[in-house]
Each structure stands twice: as C-alpha cells, then as structure tokens.
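Everything on this sheet refers to the single structure shown next.
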C-alpha cells in the first residue's frame with residue numbers, strides 16, 4: 001500500500017513576522033521610536049475600522065432579532081410561550097389554589113371514574129396544567145399511597 005503524503009502550502013510571511021514594526025519582541029528592542037509610533041497608529045486605525053464594522057453588525061443583529069420576535073421566536077431558537085415567555089415547552093408554570101390530589105378528591109367524591117375521566121373532570125373544574133400528558137400525571141398521583149383514593153378495579157378509582 002502506498003504511503004500517503006500531504007501537501008502543505010506555506011503562506012508568504014509578512015513583514016511583521018519577518019521582524020518589521022509590530023512583530024516579535026526582539027524587533028521592538030531594535031525599532032526606532034518613529035517606527036513604533038507608526039506601528040501604533042496602524043493598529044489604532046485598524047481597531048477603529050473593526051469597531052465601526054462591529055457597530056454595523058450589531059445593528060443588523062438587532063434587526064434580525066426584531067424580525068424573529070415578530071415570528072414568535074427567541075434569538076436562542078426557542079419559541080415565545082403563550083403564558084408569558086418562560087423557558088421550556090409550556091411556558092410559565094400555572095399556579096392553582098388546590099394541589100392535584102385535592103382537586104382529584106373533590107371531583108371523584110362519590111363517583112367511580114376511570115383515569116382519563118378523572119383527568120378531564122379535574123381540568124374542567126378549573127385546575128390548570130401545561131402537561132401534554134396530564135392523564136399520566138393523574139395516574140401517577142393515584143398510584144401514590146394516598147388514603148383519599150381507593151382502587152375499585154383496573155383503571156377505576158373512587159374518593160373516600
């Protein structure tokens with residue numbers, strides 16, 4: 001098998017690399033004051049040019065951010081949530097007057113309901129949740145050892 005060889009291209013070295021003003025520390029010792037002042041002036045002009053360029057780019061970025069905001073997209077790529085712009089999928093977490101088990105016990109009192117029916121009844125009673133799988137959350141709450149709930153049969157529960 002033939003050995004691979006890589007071709008390397010070398011750039012022509014600049015005056016700075018060869019020891020001109022602004023080059024290595026060894027040339028600073030031998031450079032005249034006029035050469036040093038000229039090198040400083042070049043750097044200052046270069047920095048002013050970069051600062052002007054940066055200002056234009058910042059303005060362009062602000063315009064892009066404004067266009068994204070009109071589309072409901074944050075600059076980091078996330079979407080602006082309907083509940084006030086919190087992080088994550090669902091926005092700000094809703095606050096309820098009652099805990100989930102309390103709301104479940106209230107809607108289940110004297111009834112035998114399936115998990116899906118419990119979830120629908122809890123939401124209909126005014127309990128708020130951003131969960132895409134609220135039925136699963138209700139099922140987990142029923143699975144915890146809570147004396148308020150009694151399992152009648154598979155998937156059917158009642159409140160004591």
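What follows draws every value from the coordinates through simple rules; no lab data is involved. Just so we're clear, the structure is a prediction, and the values are computed from it rather than from any experiment. Every residue, glycine as well, gets a Cβ built from its backbone with ideal geometry; the counts of neighbours run over all protein chains shown.
Between rounded, prolate and oblate, where does region 100-159 land on the alpha carbon gyration tensor, with a ≥ b ≥ c its root eigenvalues, rounded for a/c under 1.5, else prolate if a/b exceeds b/c? Prolate is the answer for region 100-159, as a/c is 1.5 or above and a/b outweighs b/c.
The gain in end-to-end length when the residue 139 to residue 56 segment is fully stretched comes to 24.3 nm, 0.36 nm per residue minus the alpha carbon separation. With R₀ set to 22 Å, the beta-carbon distance separating residue 64 from residue 128 gives a calculated FRET efficiency near 0.05. Our estimate of slack between residue 147 and residue 98, defined as 0.36 nm per intervening residue step minus the Cα-Cα distance, is 15.9 nm.
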